[in-house]
Amino acid sequence: MVDSRTARQVIETLRGLKCNVAFILIMEQGHEKTAIELMKMGVDNYIIKEPDFKDMIPVLVNKVLKGLEYEKEIMEAEEILQKKSYLNQIILDSMPCITLLLESYTREIIASNAAATKTGAVPGKKCYSTWFQREDPCPWCRAPILWESGEEQHCEFI
(Lines give C-alpha, C1' and ligand atoms only; values in the text may rest on other atoms or scores of the structure.)
Protein backbone atom coordinates (compact mmCIF):
# COMPACT_ATOMS: atom_id res chain seq x y z
CA MET A 1 0.00 0.00 0.00
CA VAL A 2 1.27 3.48 -0.91
CA ASP A 3 1.09 6.13 1.78
CA SER A 4 -0.36 9.57 1.01
CA ARG A 5 3.09 11.24 0.83
CA THR A 6 4.23 8.79 -1.83
CA ALA A 7 0.93 9.19 -3.69
CA ARG A 8 1.41 12.98 -3.69
CA GLN A 9 4.95 12.56 -5.03
CA VAL A 10 3.77 10.24 -7.82
CA ILE A 11 0.97 12.64 -8.80
CA GLU A 12 3.26 15.69 -8.75
CA THR A 13 5.96 13.91 -10.75
CA LEU A 14 3.61 12.64 -13.46
CA ARG A 15 1.74 15.96 -13.69
CA GLY A 16 5.09 17.76 -13.89
CA LEU A 17 6.07 15.53 -16.79
CA LYS A 18 2.74 16.45 -18.45
CA CYS A 19 1.63 12.82 -18.41
CA ASN A 20 -2.08 12.49 -19.03
CA VAL A 21 -2.70 9.67 -16.58
CA ALA A 22 -5.91 8.81 -14.78
CA PHE A 23 -5.54 8.29 -11.04
CA ILE A 24 -7.91 6.12 -9.03
CA LEU A 25 -7.10 5.59 -5.37
CA ILE A 26 -7.99 2.44 -3.47
CA MET A 27 -8.08 3.43 0.19
CA GLU A 28 -8.88 1.96 3.56
CA GLN A 29 -11.97 3.15 5.41
CA GLY A 30 -11.33 6.34 7.39
CA HIS A 31 -8.92 7.97 4.92
CA GLU A 32 -11.52 9.99 3.00
CA LYS A 33 -9.92 13.29 4.01
CA THR A 34 -6.66 12.20 2.36
CA ALA A 35 -8.60 11.09 -0.71
CA ILE A 36 -10.20 14.54 -1.00
CA GLU A 37 -6.80 16.24 -0.65
CA LEU A 38 -5.37 14.02 -3.38
CA MET A 39 -8.40 14.65 -5.62
CA LYS A 40 -7.64 18.37 -5.35
CA MET A 41 -4.19 17.49 -6.72
CA GLY A 42 -5.64 15.69 -9.72
CA VAL A 43 -6.76 12.24 -8.64
CA ASP A 44 -9.83 11.39 -10.69
CA ASN A 45 -11.70 9.24 -8.16
CA TYR A 46 -11.29 6.89 -5.24
CA ILE A 47 -12.83 3.75 -3.86
CA ILE A 48 -12.97 2.48 -0.28
CA LYS A 49 -11.45 -0.94 0.24
CA GLU A 50 -14.46 -2.98 1.33
CA PRO A 51 -15.33 -6.65 0.78
CA ASP A 52 -16.98 -6.01 -2.61
CA PHE A 53 -14.70 -3.16 -3.79
CA LYS A 54 -13.25 -5.30 -6.61
CA ASP A 55 -16.68 -5.43 -8.24
CA MET A 56 -16.78 -1.62 -8.29
CA ILE A 57 -13.41 -1.16 -9.99
CA PRO A 58 -14.64 -1.71 -13.60
CA VAL A 59 -17.54 0.71 -13.02
CA LEU A 60 -15.20 3.34 -11.58
CA VAL A 61 -12.62 2.88 -14.36
CA ASN A 62 -15.35 3.32 -17.02
CA LYS A 63 -16.60 6.44 -15.26
CA VAL A 64 -13.11 7.95 -15.13
CA LEU A 65 -12.38 7.05 -18.77
CA LYS A 66 -15.65 8.63 -19.92
CA GLY A 67 -14.73 11.74 -17.94
CA LEU A 68 -11.31 11.89 -19.63
CA GLU A 69 -12.94 11.42 -23.03
CA TYR A 70 -15.38 14.24 -22.25
CA GLU A 71 -12.51 16.52 -21.16
CA LYS A 72 -10.67 15.75 -24.41
CA GLU A 73 -13.77 16.60 -26.46
CA ILE A 74 -14.15 19.89 -24.58
CA MET A 75 -10.50 20.79 -25.19
CA GLU A 76 -10.83 20.00 -28.90
CA ALA A 77 -14.02 22.05 -29.17
CA GLU A 78 -12.38 24.98 -27.36
CA GLU A 79 -9.40 24.79 -29.72
CA ILE A 80 -11.68 24.84 -32.78
CA LEU A 81 -13.65 27.75 -31.33
CA GLN A 82 -10.45 29.66 -30.62
CA LYS A 83 -9.24 29.15 -34.21
CA LYS A 84 -12.59 30.26 -35.64
CA SER A 85 -12.65 33.32 -33.38
CA TYR A 86 -9.15 34.22 -34.49
CA LEU A 87 -10.07 33.86 -38.18
CA ASN A 88 -13.29 35.85 -37.69
CA GLN A 89 -11.28 38.63 -36.07
CA ILE A 90 -8.80 38.70 -38.96
CA ILE A 91 -11.68 39.01 -41.44
CA LEU A 92 -13.42 41.70 -39.38
CA ASP A 93 -10.23 43.72 -38.92
CA SER A 94 -9.55 43.63 -42.66
CA MET A 95 -12.79 45.50 -43.34
CA PRO A 96 -12.12 49.17 -44.15
CA CYS A 97 -15.30 50.36 -42.39
CA ILE A 98 -16.99 49.80 -39.05
CA THR A 99 -18.09 46.16 -39.00
CA LEU A 100 -20.16 44.29 -36.43
CA LEU A 101 -21.03 40.62 -36.26
CA LEU A 102 -24.49 40.50 -34.63
CA GLU A 103 -26.59 37.71 -33.16
CA SER A 104 -29.69 37.41 -35.34
CA TYR A 105 -32.78 39.18 -34.01
CA THR A 106 -31.29 40.05 -30.61
CA ARG A 107 -28.76 42.50 -32.06
CA GLU A 108 -26.17 41.39 -29.50
CA ILE A 109 -22.64 42.07 -30.71
CA ILE A 110 -20.73 38.82 -31.14
CA ALA A 111 -17.58 40.46 -32.48
CA SER A 112 -16.48 43.75 -33.97
CA ASN A 113 -13.49 45.11 -35.82
CA ALA A 114 -11.06 47.63 -34.39
CA ALA A 115 -12.89 50.54 -36.06
CA ALA A 116 -16.18 49.56 -34.39
CA THR A 117 -14.48 49.09 -31.02
CA LYS A 118 -13.03 52.62 -31.26
CA THR A 119 -16.55 53.99 -31.73
CA GLY A 120 -17.84 52.21 -28.63
CA ALA A 121 -19.13 48.84 -29.86
CA VAL A 122 -18.88 46.28 -27.01
CA PRO A 123 -19.19 42.53 -27.66
CA GLY A 124 -21.91 40.97 -25.50
CA LYS A 125 -24.03 44.15 -25.54
CA LYS A 126 -26.71 45.21 -27.99
CA CYS A 127 -25.35 47.27 -30.88
CA TYR A 128 -27.70 50.21 -30.37
CA SER A 129 -27.13 50.41 -26.60
CA THR A 130 -23.34 50.64 -26.77
CA TRP A 131 -22.66 52.18 -30.12
CA PHE A 132 -25.41 54.81 -30.27
CA GLN A 133 -26.32 54.72 -26.56
CA ARG A 134 -29.99 54.17 -27.36
CA GLU A 135 -32.60 52.17 -25.48
CA ASP A 136 -34.36 51.01 -28.67
CA PRO A 137 -33.03 49.71 -31.99
CA CYS A 138 -31.99 52.38 -34.46
CA PRO A 139 -34.82 53.25 -36.90
CA TRP A 140 -32.42 53.20 -39.88
CA CYS A 141 -31.01 49.75 -39.06
CA ARG A 142 -31.10 47.39 -42.05
CA ALA A 143 -30.34 44.22 -40.06
CA PRO A 144 -34.02 43.12 -39.81
CA ILE A 145 -34.31 43.33 -43.60
CA LEU A 146 -31.23 41.16 -43.96
CA TRP A 147 -32.60 38.61 -41.48
CA GLU A 148 -35.95 38.41 -43.29
CA SER A 149 -34.73 38.47 -46.91
CA GLY A 150 -31.22 37.06 -46.64
CA GLU A 151 -30.06 39.79 -49.02
CA GLU A 152 -27.08 41.94 -48.11
CA GLN A 153 -27.87 45.47 -47.04
CA HIS A 154 -25.87 48.66 -47.43
CA CYS A 155 -26.36 51.99 -45.75
CA GLU A 156 -24.03 54.97 -45.99
CA PHE A 157 -24.02 57.87 -43.58
CA ILE A 158 -22.49 61.16 -44.62
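The values are calculated or read from the model by the stated rules, or taken from the named source; none is laboratory data. Please read these numbers as outputs of a predicted model, since none were measured by experiment. Quick reminder, even Gly has a Cβ in these numbers, built from the backbone with ideal geometry, and neighbours come from all protein chains shown. Just so you know, the surface numbers come from the protein's heavy atoms only, side chains and all, with ligands and any DNA or RNA stripped out. Shrake-Rupley method; radii C 1.70, N 1.55, O 1.52, S 1.80 Å.
A few points about this structure:
- Residues located in region 123-138, provided they are on the phi < 0 side of the Ramachandran plot, at pLDDT 90 or above and either open to solvent by less than 70 Å² (accessible area, probe 1.4 Å) or not charged (D, E, K, R) (or both): Pro123, Cys127, Tyr128, Ser129, Pro137
The rows are residues; the columns are (1) under 30 Å from Pro123 (Cβ atoms); (2) surrounded by 15 or more Cβ atoms within 10 Å (Cβ to Cβ).
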| residue | (1), (2) |
| --- | --- |
| Ala22 | no, no |
| Met27 | no, yes |
| Lys33 | no, no |
| Met41 | no, no |
| Lys49 | no, no |
| Glu78 | yes, no |
| Gln82 | yes, no |
| Leu87 | yes, no |
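Matching residues to (1) within 30 Å of Ile109 (Cα to Cα); (2) modelled with pLDDT of 85 or more:
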| position | (1), (2) |
| --- | --- |
| Val2 | no, no |
| Val21 | no, no |
| Ile26 | no, no |
| Leu60 | no, yes |
| Leu65 | no, yes |
| Glu69 | no, yes |
| Ala77 | yes, yes |
| Lys84 | yes, yes |
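- Single residue of region 106-119 satisfying the filter (assigned to a helix (DSSP H, G or I) and not polar (S, T, N, Q)) that is most open to solvent (accessible area, probe 1.4 Å): Lys118
- In region 10-20, the residues that are within 24 Å of the chain's Cα centre (by Cα) and surrounded by 11 or more Cβ atoms within 10 Å (Cβ to Cβ): Arg15
- Failed condition for Ala7, given (1) open to solvent by 90 Å² or more (accessible area, probe 1.4 Å); (2) more than 30 Å from Cys127 (Cα to Cα); (3) touching a residue at least 12 places away in the same chain (Cβ under 8 Å); (4) not acidic (Asp, Glu): (1)
Yes/no matrix, rows are residues, columns are (1) in contact (Cβ under 8 Å) with a residue 40 or more places away in the chain; (2) part of a helix (DSSP H, G or I); (3) within 30 Å of Gln133 (Cα to Cα):
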{"residue": "Pro51", "(1), (2), (3)": "no, no, no"}
{"residue": "Asp55", "(1), (2), (3)": "no, yes, no"}
{"residue": "Pro58", "(1), (2), (3)": "no, yes, no"}
{"residue": "Tyr70", "(1), (2), (3)": "no, yes, no"}
{"residue": "Leu92", "(1), (2), (3)": "no, yes, yes"}
{"residue": "Ser104", "(1), (2), (3)": "yes, no, yes"}
{"residue": "Ala121", "(1), (2), (3)": "no, no, yes"}
